[in-house]
1. In the list 334, 229, 340, 299, which residue meets the criterion of being within 25 Å of the chain's Cα centre (by Cα) and at pLDDT below 95?
2. Take the stretch 51-68 and flag every residue that is of a type in the set (Ser, Thr, Tyr) and either within 14 Å of residue 92 (Cα to Cα) or modelled with pLDDT under 95 (or both).
3. What's the number of the condition residue 296 fails, among (1) part of a loop (DSSP other than H, G, I, E, B); (2) in contact with a helix residue (DSSP H, G or I) (Cβ under 6 Å, 6 or more places away or on another chain)?
4. Filter the stretch 127-156 for residues that are over 17 Å from residue 28 (Cα atoms), in contact (Cβ under 8 Å) with a residue 60 or more places away in the chain and surrounded by fewer than 17 Cβ atoms within 10 Å (Cβ to Cβ) and give the result.
5. If we scan the stretch 267-287, do we find a residue that is surrounded by 14 or more Cβ atoms within 10 Å (Cβ to Cβ), out of contact with any strand residue (DSSP E or B) (no Cβ under 7 Å at 6 or more places or on another chain) and not hydrophobic (A, V, I, L, M, F, W, C)?
6. Which residue out of 82, 61 is touching a Leu at 6+ places or on another chain (Cβ under 6 Å), under 18 Å from residue 168 (Cα atoms) and surrounded by fewer than 23 Cβ atoms within 10 Å (Cβ to Cβ)?
7. Which numbered condition in (1) of a type in the set (Asp, Glu); (2) more than 22 Å from the chain's Cα centre (by Cα); (3) under 25 Å from residue 79 (Cβ atoms) is the only one that residue 140 fails?
8. Hey, residue 276 hits all of (1) assigned to a strand (DSSP E or B); (2) touching a Gly at 6+ places or on another chain (Cβ under 7 Å); (3) aliphatic (A, V, I, L, M) but one; which does it fall short on?
Amino acid sequence: MVDFGGWDMPLHYGSQLMEHHQVRNAAGLFDVSHMTVVDFADPAPTRALLCYLLANDIARLYPGKALYSCMLNEIGGVIDDLIVYDRGEAGYRLVLNAATRDKDLAWITPLAERFGAVWREREDLAMLAVQGPQALSRLESVLDAATLAAVRASRRFHAVDTGALFIARTGYTGEDGVEILLTAANAPALWDRLLEAGVAPCGLGARDTLRLEAGMNLYGSDMDETTTPLVSGLGWTVAWQPTEREFIGRAALDRQRIAGIPQIFVGLVLNERGVLRGHQTVYDGDREIGQTTSGTFSPTLERGIALARLAADAGDRCEVEVRGKRLSALVVKPPFIPRPL
């Protein structure tokens, strides 16, 4: 158990490596109740708020649809990355990172007041993530037939709301699966039923190696308030159209785009034995061209991998300084493994 954003979280349940392979090959279970869930009840003012608050465009949403977006400051830096769900007449649901909870809510509160959008933090909810190629089949003995059918019929980044369960086709592993929100009082019983269905418990360690293989950013490592989405591999989350939509940080992003994006966000795969970590220097010959932002040993590839922010003119090969020694690496486009969805 380790401290994570003020929560006691499991690093692993015995073997981080086995948990990683369990998710890649079957199904794993994560308790992600540390995530911050915020509900906005009134759709109209909330829609206006989120249109201004988020870099992605919530006009793309419809009831049951989810959207991934960055929440930016005035200089285009990433305050947090989050998922917003359109719940129809029930309003909108935001799922924020745990470590950024305090600053996120401090940022949102005055803006919500300005737009007249009433919200509440859902501390009464827990969240369990079932991830892996067998995730849905393992739910057969857990969910009733109608709910399971609705989940199977839903697409990636959509949610099914039964009242008792809010089941989203989302995750942080690069695999198929769901994230289930329910009252905290009922979560232990659901956890036990999932274990009985053959879903293996997994901790933070496997969650990190899985997300990194999938090329997914980690807030505080791969992006933060000093980096924009354009230099963090998240340019695809910025909705430039319609041009008349003003959102926080847009002017700064426009300036950076016009001036030329100074860095690229890439993946690195070691050609030699070694483990990559964050904040390691990357070289092209004698020239320093950037740094790794996060890294690990990939259990799937059996190689060291990393995400890195490099000079825009970086080539397809480089060297990474690891413990005083430079190791050769390939520059690749994430994800490191094919995504099934």
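1. 340
2. As a first pass, look at the stretch 51-68 and keep what is of a type in the set (Ser, Thr, Tyr): 52, 62, 68.
Answer for the stretch 51-68, where residues must be of a type in the set (Ser, Thr, Tyr) and either within 14 Å of residue 92 (Cα to Cα) or modelled with pLDDT under 95 (or both): 62, 68.
3. Every listed condition holds for residue 296 apart from (1).
4. Passing the criteria: only 156.
5. no
6. Values: 82 fails: surrounded by fewer than 23 Cβ atoms within 10 Å (Cβ to Cβ).
That would be 61, the only listed residue that is touching a Leu at 6+ places or on another chain (Cβ under 6 Å), under 18 Å from residue 168 (Cα atoms) and surrounded by fewer than 23 Cβ atoms within 10 Å (Cβ to Cβ).
7. So the condition that residue 140 fails would be (3).
8. It is condition (1) that residue 276 fails.
The values are calculated or read from the model by the stated rules, or taken from the named source; none is laboratory data. A quick note: this is a predicted structure, and the numbers were derived from the prediction, not measured. Positions of Cβ are generated from backbone atoms using ideal geometry, with glycine treated the same way; all protein chains shown enter the neighbour counts.
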